[in-house]
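Here's the structure, in structure tokens; my notes come after.
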Amino acid sequence: MLDFKNDEIAFTAFMQAHQNRVFNAVLNMLQHVEDAEEITQDVFVDVYRSAENFRGDAAVTTWLYRIAMNKCIDQLRKKQRRQKWNSVTDFFSGKTFGDNEPHDFVHPGIIAEQKEKAALLYKAIDQLAVNQRMAYILSETENLPYKEIAEVMKVSVSAVESLLVRAKQNLRKILGGYYHGQ
Amino acid sequence: MMEKEQWINKVMGSIKNQSPAEANPFLHTRVIAKLKSEDDSKMPVRWVFALSLCIAVLLCLNVVLFTKSSAHSNGGDGIQQVIAEYSLTDTDIYSTGFSNK
């Protein structure tokens, strides 16, 4: 059992050990640096508060990923609601649709020669359903095994497999639309 | 067609093996500040209880006063007394008593 309320040094050490992992997963999910920083902070605030509820049934990283992914889902839903509202207000103010679309995102850890391709892939990932997106990010960028992804998402391993198959099929379809010949 | 498939495969592999980005160096400080500010902004339970008790007492007083005042109302006896005293039997308030005839 974890107890950070009476041990601030342990909490600092825990944060140092896991902050980059959480930040990268959140950043890949949200594709927005400022939002990812904010959500990472919220994840560790939750970790501090609910550490005593961690019973050790799953690995600490699984528990951390679960908190982080739940926060990401909330943030993505908030973003979707904001986009819907913006499209309504744009309609009445006479702006063209798409003025509020985010700029292309590329993870800062991607090497220079891959940046252009990665930007297209992130754009395609942004169009996936949330659960496919989560399974894909946890598998491809976080390199988690299917079993751990299943534990994070609270689904069966076969559900993870089918989510990944569908995510990859959808990504190929979307990317096919971006291809203009090389 | 083959070229397209190859291109898609390359794009699909472009985010694999990315080096991890560094989290904000002030993350820990910000988390601690957030925890502290949320603790400070919370009202102590004792104060919440005292405030709700005050509101409940005020509401009860209001109800008691309202029921008492409606029970003791005498159906306009006061105004009848004034009418009788000043002989105000004419209810036509627009009449001036002045006539051109």
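Readers should treat all values here as calculations from the given coordinates under stated rules, not as data from a laboratory. In this text, all values refer to a predicted model and were calculated from it rather than measured experimentally. With ideal geometry, Cβ positions are generated from the backbone for all residues, glycine too; neighbour counts draw on all protein chains shown.
Tabulated data
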{"quantity": "Relative contact order for the range A:29-182, counting Cα pairs under 8 Å that sit 6 or more residues apart, in percent", "calculated": "23 percent"}
{"quantity": "Relative packing of A:65-76, A:109-120, which averages over residues the other C-beta atoms within 10 Å, highest first", "calculated": "A:65-76, A:109-120"}
{"quantity": "Test item: Cα-centred dipole of chain A, Lys/Arg +1 and Asp/Glu -1 on Cβ, debye", "calculated": "780 debye"}
{"quantity": "Förster radius 35 Å - calculated FRET efficiency between A:Glu34 and A:Glu8 (Cβ-Cβ, nearest 0.05)", "calculated": "0.85"}
{"quantity": "From phi via Karplus (6.51, -1.76, 1.60), per-residue ³J(HN,Hα) for the range A:6-22 in Hz, x at Gly/Pro", "calculated": "9, 8, 5, 5, 5, 5, 4, 5, 4, 4, 4, 6, 10, 4, 5, 4, 5"}
{"quantity": "Cβ-Cβ FRET estimate between A:Ala159 and A:Phe54, R0 fixed at 25 Å, reported to 0.05", "calculated": "0.55"}
{"quantity": "For residues of B:52-62, the mean tally of beta carbons on other chains within 10 Å", "calculated": "0"}
{"quantity": "Base-10 log of normalised Debye intensity for the range A:106-182 (one unit scatterer per alpha-carbon) at q = 0.12, 0.16, 0.26 Å⁻¹", "calculated": "-0.36, -0.62, -1.19"}
{"quantity": "Additional length obtainable on full extension of the chain from B:Asn17 to B:Glu3, 0.36 nm per residue less Cα span", "calculated": "2.7 nm"}
{"quantity": "Peptide-level mean, for B:24-35, of C-beta atoms on other protein chains within 10 Å", "calculated": "6"}
{"quantity": "Candidate aspartates and glutamates - alpha carbon under 13 Å from A:Lys5, same-chain residues fewer than 8 apart omitted", "calculated": "A:Asp46, A:Glu52, B:Asp39"}
{"quantity": "Cα pair count fraction exceeding 24 Å, expressed as % - the protein assembly as shown", "calculated": "66 percent"}
{"quantity": "Too-long pairs where the Cα-Cα distance tops 23 Å, listed order kept, from A:Lys147/B:Lys4; A:Lys84/B:Lys16; A:Lys115/B:Lys10", "calculated": "A:Lys147/B:Lys4; A:Lys84/B:Lys16"}
{"quantity": "Relative contact order for the range A:1-102, counting Cα pairs under 8 Å that sit 6 or more residues apart, in percent", "calculated": "30 percent"}
